[in-house]
Amino acid sequence: MIRINCPFCGERDHAEFNYGGDATIEYPALDAPVEDWVQAVYERENIRGVQFETWHHQFGCRMWIVVERDTMTHEIHSVRPAHEGIGSALKGAGQ
Amino acid sequence: MTRYNAWNVFKNGLTGQKGWDRAWRDPEPRSEYDVIIVGAGLHGLATAYYLAKEHGLKNVAVVEKGWLGGGNAGRNTTIVRSNYMLPGNRQFYEKSLSLWENLTNELNYNVMFSQRAHITLLHSPAARDAAARRYNTMRNTGSDGELWDLAKLKKEVPHLNYNNSRFPIMGAAVQPRAGNARHDAVAWGYARGADMQGVDILQNREVTAIKRENGRVTGVETSRGFIKGKKVALAVAGNSSRLWQMAGFNTLPIETHKLQAFVSEPLKPLLDQVVVFGVGHAHFYISQSDKGGMVFGGDIDWYKSYAQRGNLPLVQDVAECAVSMMPCIGRVRLLRHWSGVMDMSMDGSPFICKTPIDNLYLNAGWNYGGFKASPASGWYFSDLIANDRPDPVIAGHTLDRFQRGYIIDERGAGPDPKLHG
């Protein structure tokens, strides 16, 4: 079991999460050339080693997070929310 | 090389088994090869065999980082079937099944191919309709396929859980000519067959770089020296992206995921066929090996990984499927379990194609269907390498099919590699 330290819930089993994919993908503008879209949708660097990837805490807070993980050893180096500022924004909404 | 036949078995039985040659040599590399194949797995070895046998190219090397057949060749569930529907895949896997049917004779090596039938359980009218369409397509294109009702299925496979109220079994889609084979024997048979024709299998030489000059590949740098080659062909499922980057490219439509499988302690004969259960995200397939072990597996681990070891949540998922579909094996103990790294492609179909470098060829993206595909993979890949043009059957299995809009997505799962099984 991989243990992922969710920024919102604390350390949880990876079985609570769904793997998203490569977190470095940037989708191009809607009117960008088809080559740019093919690159974003289909092409992957497929790193063996440390990569940034998205996970969805489906059976927890349901937030998307970005995990820096080694794909060979499964060691996790960092975890952060996928959307910057979401934590403080939510705190504000709750008040 | 001593052929394997009844006379030689008899003769060596009387002479202390001293007349057998080793099955393949352990040669030093030659100064230059016509073709260098990277990866001595089933696909690489089959490619080398057919290059020599069908295309007369005998100055061929297969370079392997470990020992031959030590990767996914030994990390699968040995299932052979051709129940694919889409154009290209349909003909390709049918060709593969027809090659399997004569493989033992072809290689003079008993690959223990057993056409015991492949049974896909059906749990809803919609699944039955989809199976009818798929299996009718198969029958109309020269293959075999049957739909079994519940009475027939109960008679043929009595030990399934027919009282499962969550996923009641309604019947099955069956391919009688499908079955399984002995995985090691396939690797050893192709290796021996290729070696007999002069192919050099160079083990314990990890490729560390692919050398290029003036837009062409000149050979491969290995952990034990440079090997020069006129053509280089990649067949390294799981690590295709890494080799691709060694050749100077950036990205492939592939992610590497790991797939686990399991074998139990040996039992007396229990299951005569390959049985598959798949509903939503539950996926389970099981057969019984000739030694009696129940061989079974499920889905990939759902996250990208190059580690050749599995993780426990998937073990639990597979065990849950096992006891819900075949409760009688609930107390059987596991003997071994293993994990292999897969090229999961963006549409679930493979690549056998030329590359932007004229004398570099790619064989990749087999998802978890590579075992059954290996004879046809070698057949068509060797044809591509020898003749520098794709056979019409594999003409669609190119890297640019995504850009052209001609994806080959059997599941209709979309561009997410982990969803293609």
Candidate set: segment B:207-232, residues that are open to solvent by 30 Å² or more (accessible area, probe 1.4 Å) and either among the hydroxyl-bearing types (Ser, Thr, Tyr) or outside any strand (DSSP E or B) (or both); chosen: the one nearest to residue B:358 (Cα to Cα): B:215
Filter pass, residue B:268 being at pLDDT 95 or above, assigned to a loop (DSSP other than H, G, I, E, B) and surrounded by fewer than 21 Cβ atoms within 10 Å (Cβ to Cβ): yes
Near pairs, Cβ below 6 angstrom, 6+ apart or cross-chain, from segment B:148-171 (among the small types (Gly, Ala, Ser)) to any residue that is open to solvent by 80 Å² or more (accessible area, probe 1.4 Å): B:171/B:149
Contacts under 6 angstrom Cβ, first residue in segment B:48-65 being part of a helix (DSSP H, G or I), partner open to solvent by 10 Å² or more (accessible area, probe 1.4 Å), 6 or more apart: B:50/B:379; B:51/B:57; B:52/B:58; B:52/B:197; B:55/B:386
Selected residue (criterion: nearest to residue A:61 (Cα to Cα)) from residues of segment A:1-46 that are more than 11 Å from chain B (Cβ to nearest Cβ) and open to solvent by less than 40 Å² (accessible area, probe 1.4 Å): A:6
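Can you tell me which residues in segment B:274-305 are of a type in the set (S, T, N, Q) and either surrounded by 21 or more Cβ atoms within 10 Å (Cβ to Cβ) or within 27 Å of residue A:44 (Cα to Cα) (or both)? Give the steps one after another, and end with the answer.
Our first condition is that a residue be of a type in the set (S, T, N, Q); within segment B:274-305, this holds for B:287-289, B:305.
If the condition is that a residue be of a type in the set (S, T, N, Q) and either surrounded by 21 or more Cβ atoms within 10 Å (Cβ to Cβ) or within 27 Å of residue A:44 (Cα to Cα) (or both), then B:287, B:288, B:305 are the ones that fit.
Could you check segment B:406-421 and list, in sequence order, the residues that are in a loop (DSSP other than H, G, I, E, B), within 14 Å of another protein chain (Cβ to nearest Cβ) and either touching a Ser or Thr at 6+ places or on another chain (Cβ under 8 Å) or open to solvent by 30 Å² or more (accessible area, probe 1.4 Å) (or both)?
Of segment B:406-421, the ones in a loop (DSSP other than H, G, I, E, B) are B:406-416, B:420-421.
Then drop every residue that is not within 14 Å of another protein chain (Cβ to nearest Cβ), which leaves B:406-409, B:413-416, B:420.
Selection gives B:406, B:407, B:408, B:409, B:413, B:415, B:416, B:420.
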Test: residue A:67 is buried (at least 16 other Cβ atoms within 10 Å of the Cβ), over 15 Å from the mean Cα position of the chain (by Cα) and within 12 Å of chain B (Cβ to nearest Cβ): no
Close pairs from segment B:6-32: first among the polar types (S, T, N, Q), partner open to solvent by less than 100 Å² (accessible area, probe 1.4 Å), Cβ under 9 Å, at least 6 apart: B:8/B:2; B:8/B:19; B:8/B:20; B:12/B:2; B:12/B:19; B:12/B:20; B:31/B:228
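Out of segment B:105-123, which residues are open to solvent by 20 Å² or more (accessible area, probe 1.4 Å), touching a residue at least 40 places away in the same chain (Cβ under 8 Å) and at negative phi?
Initial filter on segment B:105-123 (open to solvent by 20 Å² or more (accessible area, probe 1.4 Å)): B:105-106, B:108-110, B:112-116, B:120, B:123.
Still in the list and also touching a residue at least 40 places away in the same chain (Cβ under 8 Å): B:106, B:108-110, B:112-116, B:120, B:123.
Residues satisfying the conditions are B:106, B:109, B:110, B:113, B:114, B:115, B:116, B:120, B:123.
Which residues, counting only those in segment B:73-103, are over 19 Å from residue B:175 (Cβ atoms) and surrounded by fewer than 18 Cβ atoms within 10 Å (Cβ to Cβ)? Even if it seems obvious, please write down each step before you answer.
Narrowing segment B:73-103 to residues over 19 Å from residue B:175 (Cβ atoms): B:73-75.
Matches in segment B:73-103: B:74 only.
Checking the conditions here, which among B:298, B:278 is in a strand (DSSP E or B) and touching a residue at least 60 places away in the same chain (Cβ under 8 Å)? Show your work before the answer.
Details: B:298 fails: touching a residue at least 60 places away in the same chain (Cβ under 8 Å).
Matching residue, one of B:298, B:278: B:278.
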Any pair with Cβ under 9 angstrom, 6 or more apart, that starts in segment B:381-405 at a residue that is on the phi < 0 side of the Ramachandran plot and away from every other protein chain (no Cβ under 14 Å) and ends at one that is in a loop (DSSP other than H, G, I, E, B) and of a type in the set (Val, Ile, Thr): B:390/B:398; B:396/B:408; B:397/B:408
Where residue B:235 falls short, out of the listed (1) open to solvent by less than 40 Å² (accessible area, probe 1.4 Å); (2) within 24 Å of residue A:24 (Cα to Cα): (2)
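Working only within segment A:45-95, note down all residues that are of a type in the set (Val, Ile, Thr) and either in contact with a helix residue (DSSP H, G or I) (Cβ under 7 Å, 6 or more places away or on another chain) or touching a residue at least 12 places away in the same chain (Cβ under 8 Å) (or both).
The first filter runs over segment A:45-95 and keeps only residues of a type in the set (Val, Ile, Thr), leaving A:47, A:50, A:54, A:65-67, A:71, A:73, A:76, A:79, A:86.
Answer for segment A:45-95, where residues must be of a type in the set (Val, Ile, Thr) and either in contact with a helix residue (DSSP H, G or I) (Cβ under 7 Å, 6 or more places away or on another chain) or touching a residue at least 12 places away in the same chain (Cβ under 8 Å) (or both): A:47, A:50, A:54, A:65, A:66, A:67, A:71, A:76, A:79, A:86.
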Long-range neighbours under 6 Å by Cβ, at least six apart or interchain, first residue away from chain A (no Cβ under 14 Å) within segment B:226-247, second at pLDDT below 95: none
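For segment B:248-294, how many residues are acidic (Asp, Glu) and within 14 Å of another protein chain (Cβ to nearest Cβ)? Steps first, answer last, please.
The initial filter retains those residues of segment B:248-294 that are acidic (Asp, Glu), namely B:255, B:265, B:272, B:290.
Cutting the leftovers down to within 14 Å of another protein chain (Cβ to nearest Cβ) gives us B:255.
Residues in segment B:248-294 being acidic (Asp, Glu) and within 14 Å of another protein chain (Cβ to nearest Cβ): 1 in total.
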Which numbered condition residue B:243 fails, given (1) of a type outside the set (Asp, Glu); (2) within 22 Å of residue A:49 (Cβ to Cβ); (3) open to solvent by less than 10 Å² (accessible area, probe 1.4 Å); (4) touching a Leu at 6+ places or on another chain (Cβ under 9 Å): (3)
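Among the residues of segment B:301-313, which ones are at pLDDT below 95 and either on the phi < 0 side of the Ramachandran plot or more than 10 Å from every other protein chain (Cβ to nearest Cβ) (or both)?
B:301, B:307, B:308, B:309, B:310, B:311, B:312, B:313
The values are calculated or read from the model by the stated rules, or taken from the named source; none is laboratory data. Treat the numbers as computed from the prediction; the structure is a model and nothing was measured. Here the Cβ is made from the backbone with ideal geometry for all residues, glycine too, and neighbour counts use every protein chain on show. In case anyone asks, the SASA skips ligands and DNA or RNA and just uses the protein heavy atoms, side chains included. Shrake-Rupley method; radii C 1.70, N 1.55, O 1.52, S 1.80 Å.
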